[in-house]
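Undergrad: Structure incoming, see below.
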Amino acid sequence: MATIYVTSGAATGPTEMASYDAALAEANLHNYNLVTVSSVVPADATVDRVDAAPDLGPAGGRLTVVQSRVTTDEAGRVCAGLGWATGPGPGLFYEASGTDADGVADEIRRGLDAGAALRDWTLDDREVVVEAAEADPDVFTTAVVLAAYGESEPIV
């Protein structure tokens, strides 16, 4: 059975990409080539919330993720969120971002409800993670929440 690790981070940097890279470092996912996929949890996977991802293979490998990301260079608050719902069989992830943590969490819950109803799946086990950061207008600020699927694979 494969494990999907959910982790998050927030950081600042002098450019949009530098702040994103630093936020990925907070989640320990900065050394991989991330491939974003849509939001279905395979039936045989477990979802595990961790403070930072464990070593998932050599640097430069391809790593499959579901990702919520928000970046700004304006003052205020940024929030990235990811929720998941599992049950017997496959499950779902749902991503949202904004400036209000409660609003982001509510949007995720509504999305999970809609996704489960669309598929007619019973998904009773649910969790939501929201990463929030106060943005500094003098630098870029990024918040991310990611679900990393298994281990990295060689890209070449």
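Undergrad: Could you grab the pairs with beta carbons closer than 8 Å, sequence gap of 6+ or different chains, first residue in the range 121-142 and in a loop (DSSP other than H, G, I, E, B), second one surrounded by 14 or more Cβ atoms within 10 Å (Cβ to Cβ) and at pLDDT below 95?
TA: Sorted first by the residue in the range 121-142, then by its partner, the pairs are 121/87; 122/87; 123/87; 124/87.
Undergrad: If you don't mind, there's one more thing I want to ask. Any idea which residue in the range 90-137 is surrounded by the fewest Cβ atoms within 10 Å (Cβ to Cβ), counting only those that are of a type in the set (Asp, Glu) and modelled with pLDDT under 95?
TA: So, considering only residues that are of a type in the set (Asp, Glu) and modelled with pLDDT under 95, the one surrounded by the fewest Cβ atoms within 10 Å (Cβ to Cβ) is 120.
Undergrad: Show the residue pairs meeting these rules: Cβ distance below 6 Å; 6+ apart or different chains; first residue within the range 26-37 and without any contact (Cβ under 8 Å) to a residue 24 or more places away in the chain and closer than 13 Å to residue 152 by Cα; second residue among the aliphatic types (A, V, I, L, M) and surrounded by fewer than 17 Cβ atoms within 10 Å (Cβ to Cβ).
TA: Here the result reads none, with nothing in the range 26-37 linked to a residue that is among the aliphatic types (A, V, I, L, M) and surrounded by fewer than 17 Cβ atoms within 10 Å (Cβ to Cβ).
Undergrad: Then there's this: Among 43, 53, which is the only one that is among the aliphatic types (A, V, I, L, M), closer than 19 Å to residue 93 by Cβ and loosely packed, with under 13 Cβ neighbours inside 10 Å?
TA: Being among the aliphatic types (A, V, I, L, M), closer than 19 Å to residue 93 by Cβ and loosely packed, with under 13 Cβ neighbours inside 10 Å holds for just one of 43, 53, which is 43.
Undergrad: Taking the condition crowded, with 19+ Cβ neighbours inside 10 Å, farther than 27 Å from residue 112 by Cα and of a type outside the set (S, T, N, Q), does residue 11 pass?
TA: So residue 11 passes the test.
Undergrad: Within the group 85, 133, 116, 75, which residue is aliphatic (A, V, I, L, M) and either in contact with a Gly (Cβ under 8 Å, 6 or more places away or on another chain) or at positive phi (or both)?
TA: Of the residues listed, the single one that is aliphatic (A, V, I, L, M) and either in contact with a Gly (Cβ under 8 Å, 6 or more places away or on another chain) or at positive phi (or both) is 85.
Undergrad: So which residues in the range 100-118 are closer than 23 Å to residue 41 by Cβ and without any contact (Cβ under 8 Å) to a residue 24 or more places away in the chain?
TA: Answer for the range 100-118, where residues must be closer than 23 Å to residue 41 by Cβ and without any contact (Cβ under 8 Å) to a residue 24 or more places away in the chain: 106, 110, 113, 114, 117, 118.
Undergrad: Here is a further query. Cβ-Cβ under 6 Å, sequence separation 6+ or interchain: first residue in the range 63-90 and basic (Lys, Arg), partner assigned to a strand (DSSP E or B) and buried (at least 22 other Cβ atoms within 10 Å of the Cβ). Which pairs?
TA: Qualifying pairs under 6 Å: 69/80; 69/144.
The values are calculated or read from the model by the stated rules, or taken from the named source; none is laboratory data. Since this is a predicted model, take the numbers as computed values, not measurements. Here Cβ is always computed from backbone atoms with ideal geometry, including for glycine, and neighbour counts include all displayed protein chains.
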